[in-house]
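The values are calculated or read from the model by the stated rules, or taken from the named source; none is laboratory data. Computed from a prediction, not measured in an experiment: that's the story for all the values here. Ideal geometry is used to build each Cβ from the backbone, glycine not excepted, and the neighbour counts take in all protein chains shown. Note: accessible area is taken over every heavy atom of the protein model, side chains too, but ligands, DNA and RNA are not part of it. Shrake-Rupley method; radii C 1.70, N 1.55, O 1.52, S 1.80 Å.
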Amino acid sequence: QVQLVESGGGLVQPGGSLRLSCAASGSIFSGYAMAWYRQAPGKQRELVAFITKGGTANYADSVKGRFTISRDHAKNTVYLQMNSLKPEDTAVYYCNAVPSQSTWGQGAQVTVSS
């Protein structure tokens, strides 16, 4: 059974930082590249960053240079370090595999506002 549990969201001022964590079940974590997605109000869910099983990371242009994705194989956990946050980064952030599986977690709300 696929389980994804995101944590670490919150309210932060523009220019601030947050670190998101995602605990994933072993079956999905070990078998796939893992990604962070986000969905802003009124918008479709979009891919923010993904990391291969071997550790190669890729980013959407909108977050390149500001966000860093990483994974800890011993903990079955994926992280997203978010720096220099902007109001347009406000969204619910989800982790999932690439390609995404049908089961999603509850997400982590990130709000960037002064």
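Going by the conditions given, is residue 12 open to solvent by less than 70 Å² (accessible area, probe 1.4 Å) and either free of Cβ contacts under 8 Å to residues at least 12 places away in the same chain or farther than 17 Å from residue 113 by Cβ (or both)? No.
The criterion of at least 3 residues that are open to solvent by less than 80 Å² (accessible area, probe 1.4 Å) and within 20 Å of residue 1 (Cα to Cα) is met, among strands (runs of 3 or more DSSP E) falling completely within the range 20-114, by 33-39, 91-98.
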